[in-house]
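Colleague: Quick one: the structure is below, and I'll ask about it shortly.
Bear in mind that the values in this text are calculations on the coordinates, not laboratory data. The structure displayed is predicted, hence computed values, not measured ones. Ideal geometry is used to build each Cβ from the backbone, glycine not excepted, and the neighbour counts take in all protein chains shown.
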């Protein structure tokens with residue numbers, strides 16, 4: 001195979017398609033600005049290819065649809081909250097085996113959250129007095145079963161987005177990163193034990209720091225999904241495993 005010729009052809013065709021798409025985009029918006037093609041846009045395009053799987057046209061199309069739909073859904077805190085918890089449950093159900101271990105992790109999560117909520121609520125009442133915003137219309141909060149569960153399972157400091165409570169979410173976020181790194185080191189039953197406070201802390205950080213900040217949350221959650229995918233299925237959803245013959 002003429003490798004050099006094919007590489008040049010791929011660059012030329014890719015540049016031609018990009019130029020054609022850019023001309024249509026400029027005509028549609030009646031203007032082109034450098035800020036319209038900044039670094040996050042480039043990362044989003046790469047995410048579409050990585051998610052779908054390089055070398056698969058079907059995968060690229062599916063990746064584009066999934067990424068765009070996910071980013072749009074994450075614009076609304078109500079929708080983003082459902083995506084987050086559904087993602088956690090699906091990952092646990094797929095990766096934690098056997099089923100008795102999965103049940104033990106879920107039971108540990110429930111017990112851990114209830115105990116922490118009860119203890120902190122007794123010592124620091126403001127730590128559980130914050131609101132759970134599921135759907136806001138002119139200051140009115142619609143209640144449902146999810147706010148009820150979060151109210152009794154998580155810590156929800158009052159005035160979360162004001163100093164000093166705002167820093168609580170930042171410290172928790174740093175601690176969460178340390179726990180995630182620790183999960184990559186420990187093995188066996190210790191990993192499952194450490195998984196319980198890690199998931200709980202991830203939920204706490206989500207509710208107190210990320211769910212109301214869509215510009216930060218959208219690329220962050222997208223990056224987490226890509227990291228998990230690259231660790232579990234490097235070829236993407238529809239890509240084929242790469243085989244190198246030495």
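Colleague: Test of understanding: ordering 110, 41, 205 by Cβ neighbours within 10 Å, fewest first, what list do you get?
Modeller: So the residues, fewest neighbours to most, are 41, 110, 205.
Colleague: Using the alpha-carbon atoms, what tilt in degrees (0 to 90, nearest 10) does helix 99-123 show relative to the longest principal axis of the chain?
Modeller: Helix 99-123 and the main axis of the chain meet at about 50 degrees.
Colleague: Once fully extended, how much extra length lies between residue 99 and residue 119, figured as 0.36 nm per residue of separation less the alpha-carbon to alpha-carbon distance?
Modeller: 4.2 nm
Colleague: In addition: What is the ratio of the Cα radius of gyration of the chain to 2.2 N^0.38 Å, with N the residue count, to two decimals?
Modeller: Compactness ratio reported: 1.24.
Colleague: Compute the long axis of helix 39-52 from its Cα atoms, compare it with the longest principal axis of the Cα atoms of the chain, and write down the angle in degrees, 0 to 90, nearest 10.
Modeller: With both axes taken from Cα atoms, the answer is about 90 degrees.
Colleague: Then there is this: Under the 0.36 nm per residue contour assumption, what length would be gained going from the current alpha-carbon distance of residue 178 and residue 35 to full extension?
Modeller: 48.1 nm
Colleague: Right, something else. Does the range 1-105 come out rounded, prolate or oblate, given a ≥ b ≥ c as the square roots of the eigenvalues of its C-alpha gyration tensor, rounded meaning a/c under 1.5 and, failing that, prolate meaning a/b above b/c?
Modeller: Because a/c hits 1.5 or more and a/b fails to exceed b/c, the range 1-105 counts as oblate.
Colleague: Between residue 186 and residue 7, take the C-beta separation as r, use R0 = 35 Å, and let me know the FRET efficiency to the nearest 0.05.
Modeller: 0.20
Colleague: Enter the angle in degrees (range 0 to 90, nearest 10) between the Cα long axis of helix 189-205 and the first principal axis of the Cα atoms of the chain, meaning the one along which they spread out most.
Modeller: Helix 189-205 and the main axis of the chain meet at about 90 degrees.
Colleague: Counting helices only, and only those DSSP H runs with n ≥ 4, report the 222 nm mean residue ellipticity of the chain as the sum of -39,500 (n - 2.57) divided by its residues, in deg cm²/dmol to the nearest 500.
Modeller: That calculation yields -23000 deg cm²/dmol at 222 nm.
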